[in-house]
Amino acid sequence: MRRGDLYRVRRPAGDPKPSRVFVVASRATLVESRFSTLICAPVFSTRDGLSTQVDVGIGEGLKHDSAIHCDALMSIPKSALTDYVGKLSTEKLALFDEALRVALALE
């Protein structure tokens, strides 16, 4: 499990869909720790044109074009991140980093 990996989570809390793909946003130190949850960003099939969204699709292991929504970060148990979908390329990971900076108002 690494930062930028995509996982399908079954029955995510508060989500009406039976499953949703999430991207791991937590740093490697946290991923490798005994801490039981990670910060993740959900993937939705809709895109609103916000600078906090990153386009993803077949290249990342998804079935169709979608977007990572960095304004909707969630803490997900590591135990729920079992259905590996794919990973972000180096270029997409850089876009993800920038979208997170915008979402969290970081310089």
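The values are calculated or read from the model by the stated rules, or taken from the named source; none is laboratory data. Just so it is clear, the structure is predicted and the values come from calculations on it, not from any experiment. Here Cβ is always computed from backbone atoms with ideal geometry, including for glycine, and neighbour counts include all displayed protein chains.
For region 86-96, the tally of residues that are closer than 18 Å to Tyr7 by Cα and surrounded by 13 or more Cβ atoms within 10 Å (Cβ to Cβ) stands at 7.
This table checks each residue for (1) at pLDDT 95 or above; (2) touching a Leu at 6+ places or on another chain (Cβ under 6 Å).
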{"residue": "Arg11", "(1), (2)": "no, no"}
{"residue": "Val23", "(1), (2)": "yes, yes"}
{"residue": "Cys40", "(1), (2)": "yes, no"}
{"residue": "Ser51", "(1), (2)": "yes, no"}
{"residue": "His69", "(1), (2)": "yes, no"}
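Look at (1) surrounded by 15 or more Cβ atoms within 10 Å (Cβ to Cβ); (2) in contact with a strand residue (DSSP E or B) (Cβ under 7 Å, 6 or more places away or on another chain) and you find that Asp71 fails only one, number (2). Out of all the residues in region 14-32, which are more than 21 Å from Leu104 (Cβ to Cβ) and among the small types (Gly, Ala, Ser)? Result: Ser19, single match.
Across region 1-53, which residue is surrounded by the most Cβ atoms within 10 Å (Cβ to Cβ) among those that are of a type in the set (Val, Ile, Thr) and more than 10 Å from the chain's Cα centre (by Cα)?
Checked region 1-53; the qualifying residue surrounded by the most Cβ atoms within 10 Å (Cβ to Cβ) is Val9.
Evaluating Ile58 against the criteria (1) crowded, with 19+ Cβ neighbours inside 10 Å; (2) over 18 Å from Leu73 (Cβ atoms); (3) not small (Gly, Ala, Ser) leaves one unmet condition, (1). A search for C-beta distances below 6 Å between a residue of region 85-103 that is free of Cβ contacts under 8 Å to residues at least 60 places away in the same chain and any residue that is part of a helix (DSSP H, G or I), counting only pairs 6+ apart in sequence or on different chains, returns Ala99/Cys70; Ala103/Cys70; Ala103/Asp71. Scanning region 33-62 for residues that are over 21 Å from Leu104 (Cα atoms) and aliphatic (A, V, I, L, M) yields Ile58, Leu62. Candidates in region 80-107 are the residues that are assigned to a loop (DSSP other than H, G, I, E, B) and either out of contact with any Asp or Glu (no Cβ under 9 Å at 6 or more places or on another chain) or under 14 Å from Phe22 (Cβ atoms) (or both); of these, the one that is modelled with the lowest pLDDT is Glu107.
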